[in-house]
1. Of the conditions (1) more than 21 Å from the chain's Cα centre (by Cα); (2) buried (at least 19 other Cβ atoms within 10 Å of the Cβ); (3) more than 8 Å from chain B (Cβ to nearest Cβ), A:Leu263 fails just one. Which one is it?
2. Which numbered condition in (1) in contact (Cβ under 8 Å) with a residue 40 or more places away in the chain; (2) surrounded by fewer than 24 Cβ atoms within 10 Å (Cβ to Cβ); (3) farther than 28 Å from A:Thr68 by Cβ; (4) more than 11 Å from every other protein chain (Cβ to nearest Cβ) is the only one that A:Leu182 fails?
3. Picking from A:Ser129, A:Ser105, which residue would you name as being among the small types (Gly, Ala, Ser) and touching a His at 6+ places or on another chain (Cβ under 8 Å)?
4. Criterion first (assigned to a helix (DSSP H, G or I), within 7 Å of chain B (Cβ to nearest Cβ), closer than 29 Å to B:Leu241 by Cβ and at pLDDT 95 or above) does A:Leu142 satisfy it?
5. Of all residues in region A:166-179, how many are loosely packed, with under 14 Cβ neighbours inside 10 Å and assigned to a helix (DSSP H, G or I)?
6. Out of everything in region A:224-260 that is more than 9 Å from chain B (Cβ to nearest Cβ) and among the small types (Gly, Ala, Ser), what residue ends up being surrounded by the most Cβ atoms within 10 Å (Cβ to Cβ)?
7. I'd like the full set of residues that are crowded, with 24+ Cβ neighbours inside 10 Å and farther than 19 Å from B:Ser146 by Cβ, limited to region B:223-234.
Amino acid sequence: MSDIVARTLKILTIVVIAVWSLFPIAFVVVSSIKPPGDIFAYPPKWLFTPTLQNYVDLWLEFGEFFQTLGNSIIVSIGATVFTTAVGFMAGYVYSRYSGRLIAASALYMIAIRLLPPIVVTLPLFPIVSWLRLSDTHIVLILLYSAFWVSLVTVILKTFIDEIPRELDEAAEIDGASQWQILMRVILPLTAQGLAAGAIFVFIFAWNEFLFALIFTTSQAKTAPLVLSEVMDAIYGTSWGVLFAGVTVQLLPVLLLVILANRLIVAGLTAGSVKG
Amino acid sequence: MKTPDRGAFLLAAPAHLLLALTITIPAVYILWLSLNDSTFGTQLTFVGLSNYFDVFADPSFWNAAKNTFFVVNGIVYVEILLATLIAAVLVSGVPFRPVLIAIILVPYAASEVVTVLVWKSLMNPSYGMIGRTLIDLGMGLNWSVSPSDALVLVGIISVWQHLPFSFLLIYAGMMAIPKSLYEAAAIDGAGAIQTFFKVTLPLLVPTILVAIIFRFVFAFRLFSEVWLLTGGGPARMTEVLAVYLYRDAYRTGDFGAAAATGWLMVVGTLLFASVYLWFMHRGMRNGNV
């Protein structure tokens, strides 16, 4: 008897979790293919004729969105590549070397990352405009990288730890330089770690709002920022267009999270809170 | 293990240069900024502690601090409780576990902007699917008028978005508990609930503690959810500290007062973080990190 109760409770929990996680996302995606008049019908229209009109309107009326999407792509890829490269080199050092300085600087890397980002924008704001870097891709790439380099370093350190030191030593005896060991021995064996680190940076950069709000105005504006502006100025039927834009912004990362969820789990376990 | 040589310094240099230039040096500079009057961070005039006195004398600051305290505590504890519950259900064995984990991770893909937009439209009291239903059930959230209702919605949004993260931390902790302990408990005739409270929970305390501190540090930054949902209104009633700081800095250009608030936030973060770092440090000494 209690077995049946337990099983029912378990299934109920699972259903609740699934609905909780999926419903808001499904709402956006489904709304984007609803006729604009049906989106906010109450009671909700579960049956409707799907339409791509919202996407057509998005393309025709909201060209700025695609420009900002391009900026998002540049900034996200730039930050991902830069952070992964820098984190890979540092991760190797933290894996293969030890000592007081190594331990202290590792702790410092993690500690500094905990500062609230908005606080750091205050001193950076005048410097960025003095360097004429406001509203450029570079400023976002550097900021996103700075806030993720610590975690990526820790993730890669954990993955590089798995590679036997004997491989480094054998290559060294064969006369390989440190850089050659890093590029020819370690790099090919760290693919999974690089991918795990890269995913976190990419998702963050793709979705980031605060830095984009403060440091970009037009040229380097990213997709989340322009969506938030439209959200504030919304009226009537343009909800359909907005939902289409949101779906376009969301879908690539959604697929990434679903397909690469094992890497995210592995990265998080490797990276954050073993202690 | 080798002691650091020139090559090691060169390889670690880019990461440290990046951190120093974009986070560490600016963070120290905030302290100086907070002792000066300035417009958008330029034309500094030294004013001593007067920015701090101004901030402390501002009722909006205290309101923002109070809101931050309640919202952050609410978010963290609800989230950790839900995460523990879900992890316990998953660990106890469910069909399609990998699929379920992928589903739980889905909100992690949504940006803050998308998350707020979705919940804002779902919870709209006049046309939102959930908002209307809640009103019909007599449990409506009047979040566009009532500050406390708005902050509850901010909490719901934030929990929705960050639950995947807390879940993964706690799930990983639960998976690390040796199977033999469960087998021993089963042999002793312990039921599922008894096993959870007598075996799982005590061994999970360090993980939960770390997750709590971690979430505190990150929830403390809370900005976008509030800014995008209410803009801090009505009448600055729903501001949290980061929104208060943002308004001072980027709307009024008063970087001195904003830096004072910022420095207070840094101290607040450090208080939470030091507990976390103490755990990390202990872990490193034992060689687990």
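The values are calculated or read from the model by the stated rules, or taken from the named source; none is laboratory data. No experiment lies behind these values; they were computed from the predicted model shown. As a convention, Cβ positions derive from the backbone with ideal geometry for all residues, glycine included, and neighbour counts pool all protein chains shown.
1. Failing condition for A:Leu263: (1).
2. (4) is the only condition that A:Leu182 fails.
3. Values: A:Ser129 fails: touching a His at 6+ places or on another chain (Cβ under 8 Å).
Only one candidate qualifies: A:Ser105.
4. On the way: assigned to a helix (DSSP H, G or I): yes; within 7 Å of chain B (Cβ to nearest Cβ): yes; closer than 29 Å to B:Leu241 by Cβ: yes; at pLDDT 95 or above: yes.
For A:Leu142, the condition - assigned to a helix (DSSP H, G or I), within 7 Å of chain B (Cβ to nearest Cβ), closer than 29 Å to B:Leu241 by Cβ and at pLDDT 95 or above - is met.
5. Taking region A:166-179 first, the residues loosely packed, with under 14 Cβ neighbours inside 10 Å are A:166-167, A:169-170, A:173-175, A:177, A:179.
The next check asks that each one be assigned to a helix (DSSP H, G or I); those that pass are A:166-167, A:169-170, A:173, A:179.
Here the count works out to 6.
6. The qualifying residue surrounded by the most Cβ atoms within 10 Å (Cβ to Cβ) is A:Gly245.
7. B:Ser224
This table checks each residue for (1) more than 18 Å from A:Leu255 (Cβ to Cβ); (2) surrounded by 15 or more Cβ atoms within 10 Å (Cβ to Cβ); (3) within 9 Å of chain A (Cβ to nearest Cβ).
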{"position": "B:Val71", "(1), (2), (3)": "yes, yes, no"}
{"position": "B:Ala87", "(1), (2), (3)": "yes, yes, no"}
{"position": "B:Ala102", "(1), (2), (3)": "no, yes, yes"}
{"position": "B:Tyr108", "(1), (2), (3)": "no, yes, yes"}
{"position": "B:Val113", "(1), (2), (3)": "yes, yes, yes"}
